[in-house]
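The values are calculated or read from the model by the stated rules, or taken from the named source; none is laboratory data. Everything quoted here is computed from the prediction, not taken from an experiment. Reconstructed Cβ throughout: ideal geometry from the backbone, glycine too, with neighbour counts over all protein chains shown. For accessibility, only protein heavy atoms count, side chains too; no ligands or nucleic acids. Shrake-Rupley method; radii C 1.70, N 1.55, O 1.52, S 1.80 Å.
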Amino acid sequence: MTSSVTDVDALIAEQHVIDSPPAEWQSIVELAAFMADVPMATINILTADAQHQVAAVGFDAAICRREDSMCRLTVESGESIVVEDARFDDRYRDNPFVTGVIGDVRFYASTPLVLPGGEIIGTLCVFDLEPRVLDATRTAFLLTLADRIVDVLGLAQRTSQLAEALARTEALRDELHRSNEHLSAFAGQISHDLSSLLSTVSMSIDLLDEQIDALPDPPEDAKFWIDTAQRGSDRMGAMIRDILSFASLGGSLRLRPTPLGGVVKAVALDLGIAPDDPRLAIGELPVVSGDAGQLRAVVQNLVTNALKFGGEDPRVEISAVEDQDAWEIRVSDRGVGIDPADAERVFEPLERAHPELPGTGIGLATSRRVIESHGGTIGLRPREGGGAEAWFRLPAANT
């Protein structure tokens, strides 16, 4: 590939090889001088108008005009050059590095630095003030070192890119954390305000119900509409509580070894399910790394859903399967099941697989928020033999 000097200059500037060359390059030029058995070696970067010695051994690095550079011919030809005595080489006999104006170079060998795209940005150069011969083995070694110089540059660039990406990720994480805090505060304030308004509405409905009951001849459909209003009020209250839970859970974690057996038993107690209740069968459950309070909210959501969608005689089973350094927890029911096409959609806020059944569509979205904040995954699938199986994966406590 042939690149213009302007294009190469742009690459050199973009990769900062002149103002910030990789520190490892100094070790490479020292090795080059040792292997060639010469006192001096350098890495030269050539721009449109200058040669920059960015790493050197045996002399002080400097900058010279491009037209004075001996390595200009190596860059322009794209081939290695080895000269036993530059005084007797027509290409170099009048060069200021040979005549004594800048230096008194006699032995000279240089190898081009070729980037993966074919661009040549400079050379690895070794030289001496005395004539000498460089055998084939040492010449080949210089070619290898030139390749390593380019490799180190690529590694330095990737490291810099990773550092920049990490900095951006940390900034986004901090911004997300601030956003979550603001969301939680906002949701808390809105929920408080809406709850106060809803309490007034519910109280008014109750008073209206009492007044209608006291009438000697109440309207026939009045009771129906009051009951409808009360159910709507109750549903709105549940939705407000769920939205607040969705906004506040999953943010700040207190990770510690958490026995899931104890979490499930606490959930069963909250739901009024006795240890011998046939509706809930609890298998052997592991200890995982997690926030007990937030995992309790997940388990309660999943068990409540399984009971709700489990039909007239619900049977819910909770089990665990170990997979490498993680545990998959399964909550299975034998109810109405789940269409595979809905298995992902129902984890979105306010989405429901069975709109005809009660619910707000927030519980699964909250559960996903919590599990993903733990570094885990969660899903829903049809259960073999009928029903549905909710599952989530979490790291084991010792990982």
From the list E284, E312, E322, pick out the single residue that is open to solvent by 20 Å² or more (accessible area, probe 1.4 Å), touching a residue at least 60 places away in the same chain (Cβ under 8 Å) and acidic (D, E). E322
Does D151 qualify as being closer than 23 Å to D9 by Cβ and charged (D, E, K, R)? yes
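Taking the condition more than 23 Å from V336 (Cα to Cα), open to solvent by less than 20 Å² (accessible area, probe 1.4 Å) and assigned to a helix (DSSP H, G or I), does L295 pass?
Numbers: more than 23 Å from V336 (Cα to Cα): yes; open to solvent by less than 20 Å² (accessible area, probe 1.4 Å): yes; assigned to a helix (DSSP H, G or I): yes.
Yes, satisfied.
For residues in the stretch 368-399 being in contact with a helix residue (DSSP H, G or I) (Cβ under 6 Å, 6 or more places away or on another chain) and among the aliphatic types (A, V, I, L, M), which is surrounded by the fewest Cβ atoms within 10 Å (Cβ to Cβ)? Break it down into steps so the answer makes sense when it comes.
Of the stretch 368-399, the ones in contact with a helix residue (DSSP H, G or I) (Cβ under 6 Å, 6 or more places away or on another chain) are 368, 370, 378, 390, 392.
In the following step, the residues that additionally are among the aliphatic types (A, V, I, L, M) were identified as 370, 378, 390.
On the way: V370: 26, I378: 21, A390: 27.
Only one residue fits best here, namely I378.
Of everything in the stretch 298-309 that's without any contact (Cβ under 8 Å) to a residue 60 or more places away in the chain and open to solvent by less than 20 Å² (accessible area, probe 1.4 Å), which residue is farthest from G387 (Cα to Cα)? I'd like the intermediate steps shown before the answer.
If we filter the stretch 298-309 for residues that are without any contact (Cβ under 8 Å) to a residue 60 or more places away in the chain, which is where we start, we get 299-300, 303-304, 307-308.
Those still in the list that are open to solvent by less than 20 Å² (accessible area, probe 1.4 Å) too: 299, 303.
On the way: V299: 18, V303: 13 Å.
The extreme case among them is V299.
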Restricted to the stretch 64-85, and to residues that are surrounded by 14 or more Cβ atoms within 10 Å (Cβ to Cβ) and free of Cβ contacts under 8 Å to residues at least 24 places away in the same chain, which residue is farthest from I102 (Cα to Cα)? L73
Using beta carbons and a limit of 6 Å, which pairs, at least six apart or on different chains, have the first residue in the stretch 112-124 and within 15 Å of I28 (Cα to Cα) and the second one of a type outside the set (A, V, I, L, M) and open to solvent by 20 Å² or more (accessible area, probe 1.4 Å)? P112/G78
Could you figure out which of (1) farther than 26 Å from R173 by Cα; (2) open to solvent by 70 Å² or more (accessible area, probe 1.4 Å); (3) assigned to a loop (DSSP other than H, G, I, E, B) isn't true of I273? (2)
Is it the case that some residue within the stretch 170-181 is at pLDDT 75 or above and among the hydrophobic types (A, V, I, L, M, F, W, C)? yes
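Using the structure shown, decide if R87 is of a type in the set (K, R) and closer than 20 Å to A32 by Cβ. Write out each step before concluding.
Numbers: of a type in the set (K, R): yes; closer than 20 Å to A32 by Cβ: no.
Answer is no for this residue.
Test T99 against the criterion of being out of contact with any His (no Cβ under 6 Å at 6 or more places or on another chain), within 26 Å of H16 (Cβ to Cβ) and of a type in the set (S, T, Y), and give yes or no. Working first, answer last.
On the way: out of contact with any His (no Cβ under 6 Å at 6 or more places or on another chain): yes; within 26 Å of H16 (Cβ to Cβ): no; of a type in the set (S, T, Y): yes.
Against the criterion (out of contact with any His (no Cβ under 6 Å at 6 or more places or on another chain), within 26 Å of H16 (Cβ to Cβ) and of a type in the set (S, T, Y)), T99 does not qualify.
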Would you mention how many residues in the stretch 183-232 are modelled with pLDDT of 75 or more and under 30 Å from R369 (Cα atoms)? 1
For residues that are open to solvent by 50 Å² or more (accessible area, probe 1.4 Å) and in a loop (DSSP other than H, G, I, E, B), scanning just the stretch 123-174, find the one that is nearest to D89 (Cα to Cα). P131
Selection from the stretch 88-122 of residues that are open to solvent by 30 Å² or more (accessible area, probe 1.4 Å) and either among the polar types (S, T, N, Q) or in contact with a Pro (Cβ under 8 Å, 6 or more places away or on another chain) (or both): T99, I102, R106, I120
If you go through the stretch 273-287, how many residues are among the β-branched types (V, I, T) and in contact with a helix residue (DSSP H, G or I) (Cβ under 6 Å, 6 or more places away or on another chain)? 1
